[in-house]
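See below for the structure under consideration.
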Amino acid sequence: MKDTMLSNKSLSNQEDNESVNLSDESFSSSEEETSPQKEETSPYQDFSFLPTSIQQSLKEQGIETPTSVQQAAIGPALLGRDVLVQAQTGSGKTLAFGLPIGLLLEKPSDHGQPRALVLAPTRELANQVEAVFSTTLAGLGLRCLPVIGGASYMRQKKALRDGVDIVVGTPGRIADLIQQSALQLGQVRCFVLDEVDQMLDIGFAEELNIVKDALPEEAQVLFFSATIDKRMAQVTKKMLRDPVHLDLSSKDATPANIEHACILVKHEQRQAALINMLLYHAPKQAMVFCATREECRDVANALEARGFNAAPLSGDLSQDAREDTLRRFHDGVLQYLVATNVAARGIDVQALPLVLNYDVPTDVESYTHRIGRTGRAGEDGHAWTLVTPPTIYRYRSHMKALGLAVKYLDLPTQHDILSHSAQRQLAEMLTFADAPVHRSVRRIADQLLATIAPEDAIELVRGLIQKHLASLHAFDSRDLGLTKEELKEEERNRGRSRRRDDDGRGGRFRRDRDRRSFGPRDRREDGGERRQRPRRSDEAGGPPAPARSERSGDAGAQRPRKDKNEGGFSRPRKEKSEDASFSRPRKENKPKSGPKAVRVRSKQTKRTTKRG
């Protein structure tokens, strides 16, 4: 148990002939045990098995029935079995392991050491899990502590000394506290790994080894991941003992209530296209995903400069700034959140209407993680992606992997943006006019309108709408997007360019081909074969180069040179006498007699003095 469970050697040098697959014999027994549960009536179709305090807390949060992941995972977890769950983000995994932990621990311990440990890949996800635990399990009196990077070591160590029941943290900070002997895991009964695929992608394999070695051998392991490839299967085979495998990813990967669509744009016009889409649709809230921190910062600054209520969320921010940004977005104060993939892990906002990908993710797993932020709790969601001609192939591949058809959205024109914005502005004015206000406020408004003629009132409303529309600064869609016909032409051009490069007709590729190519074979004097490089004169239409055998005569024979009048390409060398010198003769430096003369200039006169 103390060996390195996740070492690179165990991951890469595992038996290559033994393909580890979740569908083979390693999990066959577990699947046979869990398959009858689907046919029979599950006792976890509602929350009646929970204590009254937990049921009341779930009702206050608006959670009335368990999700499919919760129904399938709670039973085996309560039996003490190791569980391997493969499900997408937003499927209710937090309560799937949070409720069994609460029922297993029941009440606070006397020794004060943690009895449950939950690892999450990012600080935001760890904070979210801790918030769910603290809210849902508050009636049991269990003490939960978040242990994440960016927070004070002293406060975390003091809280551990005071006693906790559940520790939720990131692998890096947990491993640091273990090595400092500040965190003891000898009493842990349940160990949960959430989003394990992201942990390994970030590079937490070594930290996971440290945590696993500090746990007791009899600790129960609950393993949750959105994707499980061959590498992940090898890790689970090492860490889990006879696990119950629950694969719920296929039916939760692409919820039917999420609309997937792409917008064809030019690469250099993506910011302008994003601004036009937000101006036209004006969603209540939205998340914009970017690939890098620099891109995230640039997009957020561009939106703020246009007057949008937007803010970035990336690893460049401090922990306090990230928590403040998440709090404002969760409370609805912040309208648009521009985030990277890693920083957005753990963001849970109910009824988020739109997720907009500023670029196409590199793999389908990252795409499903992004779109998992919308369409939660049965609400309708939209997942739109800005696609350029080079990335359209990747987007089509993702849609094919998810079993979805590629849907295109047209960029709104300036007229459409201004028209929709004017209608929204007029609707807001009418809504505010019907809103209940203090009687004195309405009386003053009525008195002011009584002094204005009806035609002047119409001009007043027109002026307000014009002022609002003038502040929008929408871009011309003809300069931003691409039509399907233009995309096909772009693909044809790329195909021609690729074929031309393959044929060697492209300039740079032709030069590289000429450097790598060799001429016909030729026999050496000793009987061997050699290759000779083609000469430029062969391609330019000049006389063919002499063969190697003709040029290699006697060792002392001088290579003949062609005269300029014979149509050759080399200049004849002049005959030199035997005593001719190749260098210019040096001048003899004769020593000068007498002191050196120095010319000294003055303003009035010019005189020569002698130094010496």
Here are some conditions: (1) open to solvent by less than 50 Å² (accessible area, probe 1.4 Å); (2) at pLDDT 85 or above. His369 meets all but one. Which one does it not meet?
-> (2)
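Looking at the stretch 71-93 only, could you name the residues that are in a helix (DSSP H, G or I) and either open to solvent by 40 Å² or more (accessible area, probe 1.4 Å) or at pLDDT 90 or above (or both)? Outline the logic, then answer.
The first filter runs over the stretch 71-93 and keeps only residues in a helix (DSSP H, G or I), leaving 71-78, 93.
Correct list: Gln71, Ala72, Ala73, Ile74, Gly75, Pro76, Ala77, Leu78.
This table checks each residue for (1) at pLDDT below 90; (2) among the hydroxyl-bearing types (Ser, Thr, Tyr); (3) over 19 Å from Phe223 (Cα atoms); (4) open to solvent by 40 Å² or more (accessible area, probe 1.4 Å).
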| position | (1), (2), (3), (4) |
| --- | --- |
| Glu130 | no, no, no, no |
| Gly149 | yes, no, yes, no |
| Met154 | no, no, yes, yes |
| Lys158 | no, no, yes, yes |
| Ser181 | no, yes, yes, yes |
| Gly186 | no, no, yes, yes |
| Cys190 | no, no, no, no |
State whether one or more residues within the stretch 366-382 are part of a strand (DSSP E or B), under 20 Å from the mean Cα position of the chain (by Cα) and within 15 Å of Ile275 (Cα to Cα).
-> no
Can you work out which of the residues in the stretch 347-365 that are in a loop (DSSP other than H, G, I, E, B) and closer than 22 Å to Ala282 by Cβ is modelled with the lowest pLDDT?
-> Ile347
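Residues Asp46, Asp16: which one is surrounded by fewer than 16 Cβ atoms within 10 Å (Cβ to Cβ), more than 17 Å from Met239 (Cα to Cα) and modelled with pLDDT of 70 or more?
Details: Asp16 fails: modelled with pLDDT of 70 or more.
On inspection, the qualifying residue turns out to be Asp46.
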Being exposed (fewer than 12 other Cβ atoms within 10 Å of the Cβ), outside any helix (DSSP H, G or I) and among the aliphatic types (A, V, I, L, M), is that true of even one residue in the stretch 399-411?
-> yes
Determine which member of the set Val221, Val196 is under 27 Å from the mean Cα position of the chain (by Cα) and within 17 Å of Val85 (Cβ to Cβ).
-> Val196
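Can you tell me which of Ile465, Ile452 is open to solvent by less than 100 Å² (accessible area, probe 1.4 Å), out of contact with any Phe, Trp or Tyr (no Cβ under 8 Å at 6 or more places or on another chain), not in a helix (DSSP H, G or I) and not aromatic (Phe, Trp, Tyr)?
Just one listed residue meets the conditions, Ile452.
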Per-region count, the stretch 412-442, residues in a loop (DSSP other than H, G, I, E, B) and surrounded by 14 or more Cβ atoms within 10 Å (Cβ to Cβ) | 2
Confirm whether Leu264 is touching a Gly at 6+ places or on another chain (Cβ under 7 Å) and assigned to a strand (DSSP E or B).
-> yes
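Could you list, in sequence order, all residues of the stretch 287-341 that are assigned to a strand (DSSP E or B) and either open to solvent by less than 30 Å² (accessible area, probe 1.4 Å) or among the hydroxyl-bearing types (Ser, Thr, Tyr) (or both)? Let's see the steps before the verdict.
Let us first name the residues in the stretch 287-341 that are assigned to a strand (DSSP E or B), namely 287-290, 310-313, 336-340.
Met287, Val288, Phe289, Cys290, Ala310, Ala311, Leu313, Tyr336, Leu337, Val338, Ala339, Thr340 - these are the residues of the stretch 287-341 that are assigned to a strand (DSSP E or B) and either open to solvent by less than 30 Å² (accessible area, probe 1.4 Å) or among the hydroxyl-bearing types (Ser, Thr, Tyr) (or both).
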Those residues of the stretch 216-275 that are touching a His at 6+ places or on another chain (Cβ under 9 Å) and over 24 Å from Gly92 (Cβ atoms) come to a total of 2
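So for the stretch 139-146 (the condition being farther than 21 Å from Pro51 by Cβ and of a type outside the set (S, T, N, Q)), does at least one residue qualify? Reasoning before the result, please.
Of the residues in the stretch 139-146, the ones farther than 21 Å from Pro51 by Cβ are 145-146.
Among the residues that remain, those that are also of a type outside the set (S, T, N, Q) are: 145-146.
Yes, the conditions are met somewhere in the stretch 139-146.
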Could you please tell me which pairs satisfy a Cβ distance under 7 Å, a separation of 6+ or placement on different chains, a first residue in the stretch 440-466 that is within 19 Å of Leu426 (Cα to Cα) and without any contact (Cβ under 8 Å) to a residue 60 or more places away in the chain, and a second residue that is in a helix (DSSP H, G or I) and polar (S, T, N, Q)?
-> Ile465/Gln425
Restricting attention to the stretch 182-205, which residues are in contact (Cβ under 8 Å) with a residue 12 or more places away in the chain and in a loop (DSSP other than H, G, I, E, B)?
-> Ala182, Leu183, Gln184, Leu185, Gly186, Gln187, Val188, Arg189, Asp194, Glu195, Phe204
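Out of curiosity, is Gly139 out of contact with any strand residue (DSSP E or B) (no Cβ under 9 Å at 6 or more places or on another chain), under 25 Å from Leu313 (Cα atoms), in contact (Cβ under 8 Å) with a residue 60 or more places away in the chain and open to solvent by 40 Å² or more (accessible area, probe 1.4 Å)? So that I can check it myself, show each step before the final result.
Values: out of contact with any strand residue (DSSP E or B) (no Cβ under 9 Å at 6 or more places or on another chain): yes; under 25 Å from Leu313 (Cα atoms): no; in contact (Cβ under 8 Å) with a residue 60 or more places away in the chain: yes; open to solvent by 40 Å² or more (accessible area, probe 1.4 Å): yes.
In short, no.
Does Asp110 satisfy the condition of being modelled with pLDDT under 90 and either surrounded by fewer than 22 Cβ atoms within 10 Å (Cβ to Cβ) or over 29 Å from the mean Cα position of the chain (by Cα) (or both)? First the steps, then the outcome.
Working: modelled with pLDDT under 90: yes; either surrounded by fewer than 22 Cβ atoms within 10 Å (Cβ to Cβ) or over 29 Å from the mean Cα position of the chain (by Cα) (or both): yes.
Criteria met by Asp110.
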When you go through (1) of a type outside the set (Gly, Ala, Ser); (2) assigned to a helix (DSSP H, G or I); (3) open to solvent by 10 Å² or more (accessible area, probe 1.4 Å); (4) over 24 Å from Ser134 (Cα atoms) one by one for Arg173, which number turns out not to apply?
-> (4)
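The values are calculated or read from the model by the stated rules, or taken from the named source; none is laboratory data. Just so it is clear, the structure is predicted and the values come from calculations on it, not from any experiment. Reconstructed Cβ throughout: ideal geometry from the backbone, glycine too, with neighbour counts over all protein chains shown. Keep in mind that these areas ignore ligands, DNA and RNA; they rest on the heavy atoms of the full protein, side chains included. Shrake-Rupley method; radii C 1.70, N 1.55, O 1.52, S 1.80 Å.
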